[in-house]
Amino acid sequence: MVSLTRNLLRQAVSILILWHVLALPARGTSDKLFDGRNSVTAEALSRLALTRNPGVKAREAAAQAAQFRVAPAGALDDPTLNYAFAPATADSRRKFQQVVELSQPLPWPGKLGLRQVAARRRAAAAIQDTGEWRLEVGAAAKSLFSEWAYVHRALAINRVHRRLLEDLRHIAETRYAAGLAGQQDALQAEVARTRLATAALTLERRRKETRARINALLNRPSQAKVPPPAPLPGPVSPPRLAALQRIAVQTHPALARLRAQVAEAEAQKDLARKDFYPDFRVKAAYNNLWEDTDKRWTVGFGINLPLNYGGKRSAALDAARAELQQRRWQLTEREAQLLGEIEAARSGVQETEAIIGAYRRRLLPLARDSLAAARADYRAGAGPFINVIDAERERLRTEDGLARVRADYLRRLAELERRVGAPMADAFEASNFEAKP
C-alpha cells in the first residue's frame, strides 16, 4: 500500500512538472514589446532602439558618471591629522605627553576653478558622445527597417509571380492538350516557378537574419516577434545643401563633443601654467611636550617650492599647449569631413529619388505592358512561350528593383540624418524658416 502511494505521488509530481514546463512561454517569445501592433514604422523602431539599446544605456551611464565628478573636482583636498606621543611618559609620574597636528592644503587661487571647468567640459563631451551614439543607433534602426521592408515586399512579389507562373503553366498545358503548343512550354513555366520558390527560401533566410539584427539592436531575444513593416513613405526632395550643412555645424554632437574637448584642453593648459605658482598648507597643533602652557598651541603655514627641475613644469605646459592644438585641428578636420559627407549623402538621396521616379513612370509600366503583350501574342499563336517567360522575368526584376530602391531611399535618408545630426523634419523646418526672410 505504501509503495502504491509513493508511485502515485511520483506520477502526480511528474505531471505537475511537465504541465509547468509546457505552460512556460517559449524562449524568445515572452517579450511583449510589440503587443497590439499590426505593423511598425521606421520612426517607431528608431524610438524603441533609443530607449532599449545597451550601447545607449552604457554611454548615458558614462555621461552621468562624468557629471558626478564635476563637484569633487572643485573641492579642497582632505585635511591631514597627525598624532604622536612620548612612550616613556606613559608610566611615569609626569603627565602623559603627546602632539596633535591638523593641516589643510590650499591650492593657488584659481586652480580649483580650472579643475572644475575641465571636469565640466569633460562631462559635456561625454553627453555629446551619448548624442552621437544615439544618432548611430537611430540610423541603424532605420537602415534595418529598410531591409525589413524590402524583404517583406520581395516575398510578396515572389508569391504573386509564382501564382502568375502557375496560371501560365495551366495555359500552356491547355494549349498542349488542344495540340496548339508543345509540352516544353509547360515545362518552362514550371522551371521558372521552381526558381522563384528557391529564391523565396533565400528571402526567408534574409528575413530571419534581419529580425535577429533588429532584436539585437532592441536588446531582445533573437527569435522574438517583430511586426511587419508599415508602408514606406513616398520620396521627398531633401532641403538645400547649405541649410543642412549649417544645421550640422551648429548642432551635430560630434562637433559639440570636440568643442567641449577643446575647452577642456584650454583649462588644462591654464592649470599647467598655474603649476608654476606655489600651493599652501595651513596647520594648527597642540604639543604638551612643552612645560610652558603658552607654547603648547601653535599655528602656521607652509608652501611648496615649484622649482622647474629638469624642465618638468615647462614640459607639462608645452604638452598642454600641443594637446590644445591637437584638439583644435581635430575639430577643423571633423567639420570638413562632415560637410563633405553631408553633400555625398544628400546626393545619394537625390539619386534614389530620381531612380524611384524612373521606375514608376517608365520601367514598371513598360514591364507590365510587355508581359501583357507577350501573353496576348501567345494566346493568339503569334509568339513563342519563351517571350512570355522573358517578359514575366523582366517584370519580376523591375518590381523587385523598385522595392530595393525604395528601401535604399529610406536607408540613405537615415544616413543623411545621421550626418546632419537632426531629423529631416527639423531640417525642413529650419530651412523654411531661413527662406522666409
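Values in this text are rule-based calculations from the coordinates and carry no lab data. Small disclaimer: the values here were computed from a predicted structure and weren't measured. No Cβ is skipped: glycine too gets one built from the backbone with ideal geometry, and neighbour counts run over all protein chains shown.
Here are some notes:
- In degrees, nearest ten, helix 385-420 long axis to first principal axis of the chain (Cα): 20
- Most mobile of ILE127, ILE303, ILE355 in a GNM of the chain (Cα contacts under 10 Å): ILE303
- Packing here is the average count of other Cβ atoms within 10 Å per residue, and on that basis the peptides 108-118, 251-261, highest first, run 251-261, 108-118.
- The order of the peptides 62-69, 291-298 by mean Cβ neighbours within 10 Å, most packed first, is 62-69, 291-298.
- Cross-link reach is defined here as a Cα-Cα straight distance under 17 Å, omitting same-chain residues fewer than 8 places apart; for LYS32 the lysines meeting it are LYS225.
- For VAL40, the residues whose amide H sits under 5 Å from its own are ALA230, ignoring neighbours fewer than 5 places away on the same chain, with H placed 1.01 Å from N.
- Residue with peak Gaussian network fluctuation, the chain [Cα springs, cutoff 10 Å], from GLY74, GLY348, GLY182: GLY182
- Our note on the geometry: Cα centres of segment 159-196 and segment 62-140, 82 Å apart.
- Phi angles of segment 155-172 translate, via the Karplus equation with coefficients 6.51, -1.76, 1.60 and θ = phi - 60°, into HN-Hα couplings of 5, 5, 4, 4, 5, 4, 6, 5, 5, 5, 5, 5, 5, 5, 5, 5, 4, 5 Hz per residue; Gly and Pro are given as x.
- Distant-in-sequence amide contacts of LEU289, defined by a placed amide H-H separation under 5 Å and a gap of 5 or more residues or a different chain, comprise GLN98.
- When only alpha carbons are used to place a centre, segment 294-336 and segment 369-384 end up 86 Å from one another.
- Against the chain, whose longest principal axis is taken from its Cα atoms, helix 42-52 shows a tilt of about 30°.
- Listed values for segment 362-374 are Karplus-derived 3J(HN,Hα) couplings in whole Hz (6.51 cos²θ - 1.76 cosθ + 1.60, θ = phi - 60°), namely 10, 5, 5, x, 5, 5, 5, 5, 5, 5, 4, 5, 5, and x replaces Gly and Pro.
- Within the listed set ALA86, ALA336, ALA140, the residue fluctuating most in the Gaussian network model of the chain (springs between alpha-carbon atoms under 10 angstrom) is ALA86.
- Proximal aspartates and glutamates to LYS312, defined as alpha-carbon separation beneath 12 angstrom and excluding residues fewer than eight positions away on the same chain: ASP275
- Across segment 126-133, coupling constants 3J(HN,Hα) worked out from phi with the 6.51/-1.76/1.60 Karplus curve, θ = phi - 60°, read 5, 5, 5, 5, 4, x, 5, 5 Hz, and Gly and Pro carry x.
- Once Rg/Rh (Cα atoms, Kirkwood Rh) is calculated for the structure shown, the corresponding label among [x] 1.26; [y] 1.02; [z] 0.99 turns out to be [x].
- Nearest 10 degrees, 0 to 90: helix 253-274 Cα axis against the chain principal axis: 20
- Normalised by the number of residues in the chain, the mean separation of alpha-carbon contacts (under 8 Å, six or more apart) gives a relative contact order of 22 percent.
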